[in-house]
Number of protein chains: 2
Amino acid sequence: MSLSPKALEAAHLIDRLDRLARAGEQEGRLNPVQWEALRYLARANRFSRKPAALADYLVSTRGTVSRTLASLEGKGYVARKPDARDRRSVDFALTRKGSKTLTRDPLLVLARNIEQATGGDATGLLDELRQTLRNAIARNQGRAFGACHTCRHFRAHVRRLTRTPHHCSLLDEPLSEADSRAICAEQEPTPA
Amino acid sequence: MSLSPKALEAAHLIDRLDRLARAGEQEGRLNPVQWEALRYLARANRFSRKPAALADYLVSTRGTVSRTLASLEGKGYVARKPDARDRRSVDFALTRKGSKTLTRDPLLVLARNIEQATGGDATGLLDELRQTLRNAIARNQGRAFGACHTCRHFRAHVRRLTRTPHHCSLLDEPLSEADSRAICAEQEPTPA
DNA sequence: GGACATGGTTGCTAGTCGAAATTAAGCCTT
DNA sequence: AAGGCTTAATTTCGACTAGCAACCATGTCC
(Lines give C-alpha, C1' and ligand atoms only; values in the text may rest on other atoms or scores of the structure.)
Protein backbone atom coordinates (compact mmCIF):
# COMPACT_ATOMS: atom_id res chain seq x y z
CA MET A 1 0.00 0.00 0.00
CA SER A 2 1.38 3.39 -0.99
CA LEU A 3 0.09 5.33 1.93
CA SER A 4 2.00 8.34 3.09
CA PRO A 5 3.03 8.29 6.74
CA LYS A 6 1.66 11.79 7.05
CA ALA A 7 -1.83 10.83 6.04
CA LEU A 8 -1.65 7.92 8.40
CA GLU A 9 -0.56 10.07 11.26
CA ALA A 10 -3.26 12.57 10.47
CA ALA A 11 -5.81 9.78 10.67
CA HIS A 12 -4.33 8.70 13.93
CA LEU A 13 -4.57 12.21 15.33
CA ILE A 14 -8.16 12.56 14.23
CA ASP A 15 -9.04 9.40 16.06
CA ARG A 16 -7.12 10.45 19.12
CA LEU A 17 -8.71 13.88 19.22
CA ASP A 18 -12.13 12.48 18.87
CA ARG A 19 -11.49 9.97 21.59
CA LEU A 20 -10.23 12.66 23.91
CA ALA A 21 -13.33 14.69 23.21
CA ARG A 22 -15.49 11.69 23.92
CA ALA A 23 -13.62 10.92 27.10
CA GLY A 24 -15.00 14.07 28.66
CA GLU A 25 -18.45 12.83 27.99
CA GLN A 26 -18.87 11.09 31.32
CA GLU A 27 -19.98 14.53 32.43
CA GLY A 28 -23.74 14.47 32.38
CA ARG A 29 -24.02 10.70 32.13
CA LEU A 30 -24.46 10.95 28.37
CA ASN A 31 -22.90 8.41 26.10
CA PRO A 32 -21.60 9.27 22.65
CA VAL A 33 -24.72 8.19 20.84
CA GLN A 34 -26.86 10.24 23.14
CA TRP A 35 -24.74 13.31 22.46
CA GLU A 36 -25.07 12.72 18.81
CA ALA A 37 -28.80 12.42 19.15
CA LEU A 38 -28.92 15.76 20.92
CA ARG A 39 -26.76 17.36 18.27
CA TYR A 40 -28.92 15.89 15.59
CA LEU A 41 -32.11 17.21 17.12
CA ALA A 42 -30.52 20.61 17.46
CA ARG A 43 -29.59 20.76 13.81
CA ALA A 44 -32.31 18.78 12.06
CA ASN A 45 -35.20 20.53 10.39
CA ARG A 46 -38.69 19.98 11.64
CA PHE A 47 -39.41 17.20 9.18
CA SER A 48 -36.44 15.16 10.27
CA ARG A 49 -36.77 15.06 14.03
CA LYS A 50 -38.07 11.52 14.03
CA PRO A 51 -36.69 8.27 15.32
CA ALA A 52 -36.43 6.72 11.88
CA ALA A 53 -34.43 9.61 10.48
CA LEU A 54 -32.17 9.60 13.49
CA ALA A 55 -31.66 5.87 13.09
CA ASP A 56 -30.53 6.44 9.51
CA TYR A 57 -28.30 9.27 10.59
CA LEU A 58 -26.66 7.20 13.27
CA VAL A 59 -26.51 4.15 11.03
CA SER A 60 -28.32 2.29 13.78
CA THR A 61 -31.60 0.46 14.17
CA ARG A 62 -34.98 1.82 15.09
CA GLY A 63 -35.19 -0.27 18.17
CA THR A 64 -31.99 1.10 19.51
CA VAL A 65 -32.88 4.66 18.69
CA SER A 66 -36.25 4.23 20.28
CA ARG A 67 -34.55 3.31 23.51
CA THR A 68 -31.94 6.03 23.21
CA LEU A 69 -34.63 8.63 22.85
CA ALA A 70 -36.60 7.08 25.68
CA SER A 71 -33.55 7.37 27.86
CA LEU A 72 -32.99 10.99 26.91
CA GLU A 73 -36.64 11.68 27.47
CA GLY A 74 -36.43 10.11 30.90
CA LYS A 75 -33.57 12.41 31.80
CA GLY A 76 -35.49 15.39 30.54
CA TYR A 77 -33.27 16.31 27.62
CA VAL A 78 -35.86 15.78 24.91
CA ALA A 79 -39.62 15.77 24.66
CA ARG A 80 -41.91 13.94 22.29
CA LYS A 81 -44.93 15.26 20.48
CA PRO A 82 -47.31 13.35 18.26
CA ASP A 83 -47.22 14.11 14.56
CA ALA A 84 -50.49 15.65 13.51
CA ARG A 85 -50.41 14.25 10.00
CA ASP A 86 -49.37 10.71 10.67
CA ARG A 87 -50.45 9.22 13.90
CA ARG A 88 -47.88 6.47 13.78
CA SER A 89 -45.16 9.05 13.90
CA VAL A 90 -43.69 11.15 16.67
CA ASP A 91 -41.62 14.29 16.71
CA PHE A 92 -38.83 14.84 19.17
CA ALA A 93 -37.41 18.16 20.23
CA LEU A 94 -34.79 19.36 22.65
CA THR A 95 -36.11 20.64 25.92
CA ARG A 96 -34.67 23.76 27.47
CA LYS A 97 -32.47 21.52 29.57
CA GLY A 98 -31.37 19.65 26.46
CA SER A 99 -30.39 22.86 24.71
CA LYS A 100 -28.51 24.03 27.72
CA THR A 101 -26.65 20.76 28.03
CA LEU A 102 -25.55 21.05 24.43
CA THR A 103 -23.50 24.09 25.29
CA ARG A 104 -21.30 21.72 27.28
CA ASP A 105 -20.92 19.52 24.24
CA PRO A 106 -17.47 17.95 24.22
CA LEU A 107 -17.27 18.80 20.56
CA LEU A 108 -17.30 22.44 21.55
CA VAL A 109 -14.24 21.81 23.63
CA LEU A 110 -12.57 20.27 20.64
CA ALA A 111 -13.60 23.27 18.61
CA ARG A 112 -11.99 25.57 21.12
CA ASN A 113 -8.80 23.60 20.89
CA ILE A 114 -8.87 23.92 17.14
CA GLU A 115 -9.49 27.61 17.52
CA GLN A 116 -6.34 27.90 19.57
CA ALA A 117 -4.28 25.67 17.36
CA THR A 118 -5.09 27.53 14.20
CA GLY A 119 -4.96 30.96 15.72
CA GLY A 120 -8.57 31.48 14.75
CA ASP A 121 -8.29 30.71 11.07
CA ALA A 122 -9.31 27.13 10.52
CA THR A 123 -9.97 27.62 6.82
CA GLY A 124 -7.31 25.32 5.50
CA LEU A 125 -8.03 22.61 8.00
CA LEU A 126 -11.68 22.91 7.23
CA ASP A 127 -11.25 22.56 3.51
CA GLU A 128 -9.20 19.45 3.86
CA LEU A 129 -11.52 17.82 6.32
CA ARG A 130 -14.49 18.62 4.17
CA GLN A 131 -12.89 17.09 1.16
CA THR A 132 -11.96 14.06 3.21
CA LEU A 133 -15.49 13.62 4.38
CA ARG A 134 -16.69 13.92 0.84
CA ASN A 135 -14.41 11.07 -0.17
CA ALA A 136 -15.48 8.99 2.76
CA ILE A 137 -19.13 9.44 2.03
CA ALA A 138 -18.65 8.67 -1.61
CA ARG A 139 -16.92 5.43 -0.71
CA ASN A 140 -19.51 4.41 1.81
CA GLN A 141 -22.34 5.58 -0.41
CA GLY A 142 -23.83 6.70 2.85
CA ARG A 143 -26.52 9.28 3.04
CA ALA A 144 -25.21 12.76 3.31
CA PHE A 145 -27.51 14.40 5.82
CA GLY A 146 -26.35 17.69 4.45
CA ALA A 147 -27.70 21.16 4.90
CA CYS A 148 -31.08 21.76 3.34
CA HIS A 149 -29.94 24.51 1.00
CA THR A 150 -27.41 22.23 -0.69
CA CYS A 151 -30.15 19.82 -1.72
CA ARG A 152 -31.45 19.23 -5.21
CA HIS A 153 -34.96 19.73 -3.92
CA PHE A 154 -34.22 23.16 -2.53
CA ARG A 155 -35.88 26.08 -4.32
CA ALA A 156 -34.52 29.41 -3.17
CA HIS A 157 -36.54 32.59 -2.88
CA VAL A 158 -39.78 31.46 -4.40
CA ARG A 159 -41.79 33.57 -1.96
CA ARG A 160 -40.22 36.96 -1.54
CA LEU A 161 -40.83 39.14 1.46
CA THR A 162 -42.18 36.34 3.61
CA ARG A 163 -40.72 34.58 6.54
CA THR A 164 -40.51 31.38 4.51
CA PRO A 165 -39.06 32.51 1.21
CA HIS A 166 -37.69 29.11 0.19
CA HIS A 167 -39.34 25.87 -0.68
CA CYS A 168 -38.72 22.15 -0.63
CA SER A 169 -39.93 20.57 -3.81
CA LEU A 170 -39.73 17.10 -2.36
CA LEU A 171 -41.88 17.66 0.71
CA ASP A 172 -43.67 20.60 -0.89
CA GLU A 173 -43.15 22.68 2.20
CA PRO A 174 -42.27 26.34 2.70
CA LEU A 175 -38.87 26.87 4.27
CA SER A 176 -37.48 29.63 6.40
CA GLU A 177 -33.90 30.84 6.33
CA ALA A 178 -33.26 28.79 9.45
CA ASP A 179 -34.80 25.74 7.82
CA SER A 180 -32.52 26.08 4.87
CA ARG A 181 -29.47 25.77 7.05
CA ALA A 182 -30.70 22.78 9.04
CA ILE A 183 -29.81 19.16 8.50
CA CYS A 184 -32.38 17.27 6.51
CA ALA A 185 -32.85 13.54 6.40
CA GLU A 186 -34.00 13.74 2.80
CA GLN A 187 -31.12 15.82 1.61
CA GLU A 188 -29.62 14.76 -1.70
CA PRO A 189 -26.69 16.80 -2.90
CA THR A 190 -27.28 18.78 -6.06
CA PRO A 191 -25.63 16.83 -8.87
CA ALA A 192 -22.34 18.41 -9.90
CA MET B 1 -18.22 32.27 23.84
CA SER B 2 -16.26 33.67 20.94
CA LEU B 3 -15.93 30.51 18.94
CA SER B 4 -15.46 30.77 15.24
CA PRO B 5 -17.95 28.82 13.14
CA LYS B 6 -15.04 27.42 11.21
CA ALA B 7 -13.44 25.85 14.22
CA LEU B 8 -16.79 24.47 15.21
CA GLU B 9 -17.41 22.97 11.84
CA ALA B 10 -13.93 21.52 11.81
CA ALA B 11 -14.68 19.83 15.12
CA HIS B 12 -17.91 18.55 13.70
CA LEU B 13 -16.14 17.12 10.70
CA ILE B 14 -13.54 15.44 12.84
CA ASP B 15 -16.24 13.73 14.81
CA ARG B 16 -18.11 12.75 11.70
CA LEU B 17 -15.02 11.32 10.08
CA ASP B 18 -14.13 9.36 13.10
CA ARG B 19 -17.62 7.99 13.36
CA LEU B 20 -17.53 6.93 9.75
CA ALA B 21 -14.24 5.18 10.34
CA ARG B 22 -15.63 3.45 13.37
CA ALA B 23 -18.77 2.44 11.56
CA GLY B 24 -16.78 0.02 9.43
CA GLU B 25 -15.47 -1.65 12.49
CA GLN B 26 -18.13 -4.33 12.63
CA GLU B 27 -15.83 -6.11 10.23
CA GLY B 28 -13.89 -8.68 12.18
CA ARG B 29 -16.11 -8.54 15.24
CA LEU B 30 -13.80 -5.99 16.83
CA ASN B 31 -15.21 -3.07 18.71
CA PRO B 32 -13.55 0.34 18.73
CA VAL B 33 -11.76 -0.19 22.00
CA GLN B 34 -10.39 -3.48 20.78
CA TRP B 35 -9.05 -1.84 17.65
CA GLU B 36 -7.43 0.80 19.74
CA ALA B 37 -5.86 -1.84 21.91
CA LEU B 38 -4.39 -3.52 18.85
CA ARG B 39 -3.08 -0.22 17.57
CA TYR B 40 -1.61 0.53 20.92
CA LEU B 41 0.17 -2.79 21.14
CA ALA B 42 1.52 -2.28 17.66
CA ARG B 43 3.01 1.07 18.55
CA ALA B 44 3.93 0.76 22.21
CA ASN B 45 7.46 -0.02 23.28
CA ARG B 46 8.22 -3.18 25.15
CA PHE B 47 7.95 -1.53 28.54
CA SER B 48 4.47 -0.25 27.87
CA ARG B 49 2.68 -3.31 26.61
CA LYS B 50 0.90 -3.87 29.88
CA PRO B 51 -2.72 -3.69 30.91
CA ALA B 52 -2.19 -0.79 33.26
CA ALA B 53 -0.50 1.33 30.63
CA LEU B 54 -3.19 0.52 28.13
CA ALA B 55 -5.83 1.47 30.66
CA ASP B 56 -4.20 4.86 31.08
CA TYR B 57 -3.89 5.28 27.35
CA LEU B 58 -7.55 4.48 26.79
CA VAL B 59 -8.59 6.56 29.79
CA SER B 60 -10.38 3.47 31.03
CA THR B 61 -10.13 1.20 34.02
CA ARG B 62 -7.95 -1.82 34.55
CA GLY B 63 -10.88 -4.08 34.94
CA THR B 64 -12.27 -3.13 31.60
CA VAL B 65 -8.93 -3.41 29.89
CA SER B 66 -8.34 -6.77 31.47
CA ARG B 67 -11.48 -8.04 29.83
CA THR B 68 -10.71 -6.36 26.55
CA LEU B 69 -7.36 -8.10 26.40
CA ALA B 70 -8.88 -11.38 27.49
CA SER B 71 -11.32 -11.11 24.65
CA LEU B 72 -8.61 -10.32 22.12
CA GLU B 73 -6.55 -13.16 23.49
CA GLY B 74 -9.49 -15.51 23.10
CA LYS B 75 -9.79 -14.55 19.45
CA GLY B 76 -6.10 -15.05 18.92
CA TYR B 77 -5.14 -11.46 18.18
CA VAL B 78 -2.82 -11.03 21.13
CA ALA B 79 -0.78 -13.28 23.37
CA ARG B 80 0.33 -12.81 26.93
CA LYS B 81 3.70 -13.50 28.43
CA PRO B 82 4.72 -13.18 32.04
CA ASP B 83 7.10 -10.40 32.91
CA ALA B 84 10.39 -11.89 34.02
CA ARG B 85 11.19 -9.12 36.43
CA ASP B 86 7.89 -8.64 38.15
CA ARG B 87 5.73 -11.64 38.50
CA ARG B 88 2.59 -9.61 39.12
CA SER B 89 2.92 -8.15 35.70
CA VAL B 90 2.18 -9.46 32.24
CA ASP B 91 3.24 -8.39 28.78
CA PHE B 92 0.95 -8.51 25.83
CA ALA B 93 1.98 -8.64 22.22
CA LEU B 94 0.25 -8.89 18.88
CA THR B 95 0.18 -12.32 17.38
CA ARG B 96 0.79 -12.80 13.70
CA LYS B 97 -2.94 -12.84 13.21
CA GLY B 98 -3.23 -9.61 15.19
CA SER B 99 -0.65 -7.86 13.05
CA LYS B 100 -2.33 -9.04 9.93
CA THR B 101 -5.70 -7.84 11.11
CA LEU B 102 -4.28 -4.40 11.73
CA THR B 103 -3.71 -3.97 8.03
CA ARG B 104 -7.49 -3.87 7.75
CA ASP B 105 -7.65 -1.12 10.33
CA PRO B 106 -10.51 1.25 9.57
CA LEU B 107 -8.17 4.10 10.40
CA LEU B 108 -6.18 3.12 7.35
CA VAL B 109 -9.24 3.77 5.27
CA LEU B 110 -9.52 7.19 6.82
CA ALA B 111 -5.87 7.76 6.10
CA ARG B 112 -6.42 6.88 2.47
CA ASN B 113 -9.23 9.38 2.30
CA ILE B 114 -6.97 12.04 3.75
CA GLU B 115 -4.34 11.06 1.23
CA GLN B 116 -6.81 11.74 -1.55
CA ALA B 117 -8.14 14.92 -0.05
CA THR B 118 -4.77 16.50 0.41
CA GLY B 119 -3.27 15.22 -2.78
CA GLY B 120 -0.63 13.42 -0.79
CA ASP B 121 0.67 16.34 1.21
CA ALA B 122 -0.97 16.31 4.57
CA THR B 123 1.68 18.47 6.16
CA GLY B 124 -0.49 21.45 6.99
CA LEU B 125 -3.35 19.36 8.21
CA LEU B 126 -0.94 17.37 10.28
CA ASP B 127 0.60 20.39 11.94
CA GLU B 128 -2.74 21.77 12.93
CA LEU B 129 -4.02 18.51 14.25
CA ARG B 130 -0.86 17.97 16.20
CA GLN B 131 -1.09 21.38 17.76
CA THR B 132 -4.72 20.76 18.57
CA LEU B 133 -3.90 17.53 20.28
CA ARG B 134 -1.23 19.27 22.26
CA ASN B 135 -3.78 21.78 23.51
CA ALA B 136 -6.26 19.09 24.31
CA ILE B 137 -3.73 17.11 26.29
CA ALA B 138 -2.61 20.17 28.18
CA ARG B 139 -6.19 20.95 29.15
CA ASN B 140 -6.99 17.43 30.18
CA GLN B 141 -3.65 17.11 31.88
CA GLY B 142 -3.72 13.69 30.35
CA ARG B 143 -0.64 11.67 29.74
CA ALA B 144 0.89 12.22 26.41
CA PHE B 145 1.87 8.75 25.28
CA GLY B 146 4.20 10.34 22.82
CA ALA B 147 7.04 8.84 20.87
CA CYS B 148 10.00 7.77 22.94
CA HIS B 149 12.50 10.04 21.25
CA THR B 150 10.52 13.15 22.16
CA CYS B 151 10.82 12.37 25.85
CA ARG B 152 12.91 14.23 28.38
CA HIS B 153 14.41 10.92 29.47
CA PHE B 154 15.60 10.04 26.01
CA ARG B 155 19.37 10.05 25.50
CA ALA B 156 20.32 9.76 21.87
CA HIS B 157 23.39 7.96 20.54
CA VAL B 158 25.09 7.10 23.78
CA ARG B 159 26.29 3.75 22.40
CA ARG B 160 27.55 4.12 18.88
CA LEU B 161 27.77 1.27 16.45
CA THR B 162 25.47 -0.98 18.42
CA ARG B 163 21.99 -2.11 17.74
CA THR B 164 20.80 -0.13 20.76
CA PRO B 165 22.53 3.21 20.40
CA HIS B 166 20.06 5.20 22.52
CA HIS B 167 19.16 5.07 26.14
CA CYS B 168 16.28 5.76 28.50
CA SER B 169 17.49 7.54 31.59
CA LEU B 170 14.27 6.86 33.43
CA LEU B 171 14.16 3.10 33.00
CA ASP B 172 17.92 2.88 32.50
CA GLU B 173 17.43 0.70 29.46
CA PRO B 174 19.19 0.56 26.13
CA LEU B 175 16.99 1.54 23.19
CA SER B 176 17.05 0.57 19.55
CA GLU B 177 16.04 2.86 16.70
CA ALA B 178 12.69 1.11 16.61
CA ASP B 179 12.27 1.62 20.33
CA SER B 180 12.86 5.30 19.99
CA ARG B 181 9.94 5.64 17.63
CA ALA B 182 7.50 3.61 19.70
CA ILE B 183 4.85 4.90 22.07
CA CYS B 184 5.93 4.89 25.67
CA ALA B 185 3.67 4.96 28.68
CA GLU B 186 6.27 6.93 30.61
CA GLN B 187 6.83 9.55 27.97
CA GLU B 188 7.10 13.11 29.21
CA PRO B 189 7.58 15.76 26.57
CA THR B 190 10.85 17.64 26.70
CA PRO B 191 10.08 20.98 28.27
CA ALA B 192 9.96 23.75 25.68
C1' DG C 1 -61.90 -4.34 2.13
C1' DG C 2 -57.64 -6.90 2.17
C1' DA C 3 -52.71 -7.11 1.34
C1' DC C 4 -48.80 -4.84 2.16
C1' DA C 5 -45.70 -1.17 3.80
C1' DT C 6 -44.17 1.94 7.38
C1' DG C 7 -43.21 4.05 12.15
C1' DG C 8 -42.37 2.84 16.47
C1' DT C 9 -42.01 -0.09 20.75
C1' DT C 10 -40.75 -4.18 23.45
C1' DG C 11 -38.80 -8.99 24.80
C1' DC C 12 -34.72 -11.30 24.52
C1' DT C 13 -29.79 -12.10 24.44
C1' DA C 14 -25.18 -10.70 24.33
C1' DG C 15 -21.70 -7.58 25.19
C1' DT C 16 -19.71 -3.58 27.59
C1' DC C 17 -18.48 -0.50 31.26
C1' DG C 18 -17.18 1.21 35.94
C1' DA C 19 -16.75 0.52 40.80
C1' DA C 20 -15.51 -2.30 44.25
C1' DA C 21 -13.77 -6.54 46.15
C1' DT C 22 -10.08 -10.05 45.53
C1' DT C 23 -5.67 -12.28 44.84
C1' DA C 24 -0.92 -12.24 44.31
C1' DA C 25 3.45 -10.10 44.44
C1' DG C 26 6.74 -6.54 45.44
C1' DC C 27 8.63 -3.03 48.67
C1' DC C 28 9.89 -1.05 52.95
C1' DT C 29 10.60 -0.44 57.69
C1' DT C 30 11.71 -2.16 61.82
C1' DA D 1 11.66 -12.08 58.78
C1' DA D 2 7.43 -10.11 59.92
C1' DG D 3 4.07 -6.89 59.41
C1' DG D 4 2.02 -3.17 56.82
C1' DC D 5 1.50 -0.61 52.66
C1' DT D 6 1.42 -0.39 47.63
C1' DT D 7 0.79 -2.07 43.02
C1' DA D 8 -0.68 -5.32 38.91
C1' DA D 9 -4.16 -7.76 37.37
C1' DT D 10 -8.44 -10.18 37.61
C1' DT D 11 -13.16 -11.08 38.95
C1' DT D 12 -17.74 -10.07 40.57
C1' DC D 13 -21.69 -7.27 40.45
C1' DG D 14 -25.11 -4.10 38.71
C1' DA D 15 -26.54 -0.85 35.23
C1' DC D 16 -26.80 0.10 30.45
C1' DT D 17 -26.62 -0.51 25.62
C1' DA D 18 -26.87 -2.70 21.26
C1' DG D 19 -29.01 -5.52 17.66
C1' DC D 20 -32.53 -8.80 16.19
C1' DA D 21 -37.01 -10.14 15.76
C1' DA D 22 -41.64 -10.20 17.00
C1' DC D 23 -45.23 -7.08 17.60
C1' DC D 24 -48.93 -3.32 17.34
C1' DA D 25 -50.97 0.56 15.18
C1' DT D 26 -51.57 3.25 11.33
C1' DG D 27 -51.33 4.50 6.54
C1' DT D 28 -51.49 3.28 1.48
C1' DC D 29 -52.58 1.02 -2.66
C1' DC D 30 -54.97 -2.09 -5.61
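Quick notes on this one:
- Overall form of chain B per C-alpha gyration tensor (a/c, 1.5; a/b vs b/c): oblate
- In the assembly of identical copies, A:Ala42 has its label point, taken 7 Å from Cα in the direction of the beta carbon, separated from the corresponding points by 3.4 nm (ascending, one decimal).
- Ligands, DNA and RNA are left out, and with a 1.4 angstrom probe the accessible area of the protein assembly as shown is 53 Å² per residue.
- Pairing chain A with chain B buries about 5900 Å² of accessible area. This figure sums both sides and uses a 1.4 Å probe.
- Whole-angstrom gap from the stretch A:44-105 to the stretch B:89-113, using each part's C-alpha centre: 36 Å
- Within the straight-line cut-off of under 16 Å between alpha carbons, the lysines reachable from A:Lys97 are A:Lys75, sequence neighbours fewer than 8 places apart in one chain being disregarded.
- Between this copy and the others, label points of B:Ala70 are 3.0 nm apart in ascending order, each placed 7 angstrom from Cα in the Cβ direction.
- For A:Ser89, the shell of other residues with beta-carbons less than 15 Å away shows a net charge of +4, using +1 for Lys and Arg and -1 for Asp and Glu.
- For the protein assembly as shown, a simple Cβ point-charge model (Lys and Arg +1, Asp and Glu -1, everything else neutral) yields a dipole of about 980 debye relative to the Cα centre.
- Each copy carries a label point for A:Gly120 at 7 Å from Cα along the beta-carbon vector; from one copy to the others these points are 3.7 nm apart, nearest first.
- Gaussian network model of chain B, springs between alpha carbon atoms under 10 Å - residue of B:Gly74, B:Gly146, B:Gly120 with greatest fluctuation: B:Gly120
- Fraction of accessible area attributable to carbon and sulfur, the stretch A:149-192 (%, probe 1.4 Å): 54 percent
- In chain B, the beta-carbon sitting nearest the axis that superposes B on A belongs to the residue given here with its distance in angstrom, B:Asp18, 2.
- Its DSSP H runs of at least 4 residues, each contributing -39,500 (n - 2.57), put the calculated 222 nm mean residue ellipticity of chain B at -15000 deg cm²/dmol, to the nearest 500.
- Sparsely packed loop sites in the stretch A:52-124 (the trypsin sites (Lys or Arg not before Pro) outside DSSP H, G, I, E and B with at most 11 other Cβ atoms within 10 Å) comprise A:Arg85, A:Arg87, A:Arg88.
- Computed from the C-beta positions of A:Val59 and B:Ser169 and an R0 of 41 Å, the FRET efficiency is 0.25 to the nearest 0.05.
The values are calculated or read from the model by the stated rules, or taken from the named source; none is laboratory data. All figures in this text were calculated on a predicted structure; none of them were measured in a lab. All Cβ positions, glycine included, derive from the backbone under ideal geometry; neighbour counts span all protein chains shown. The protein model used for the area step is the full one, side chains on, heavy atoms only, and it has no ligands, DNA or RNA in it. Shrake-Rupley method; radii C 1.70, N 1.55, O 1.52, S 1.80 Å.
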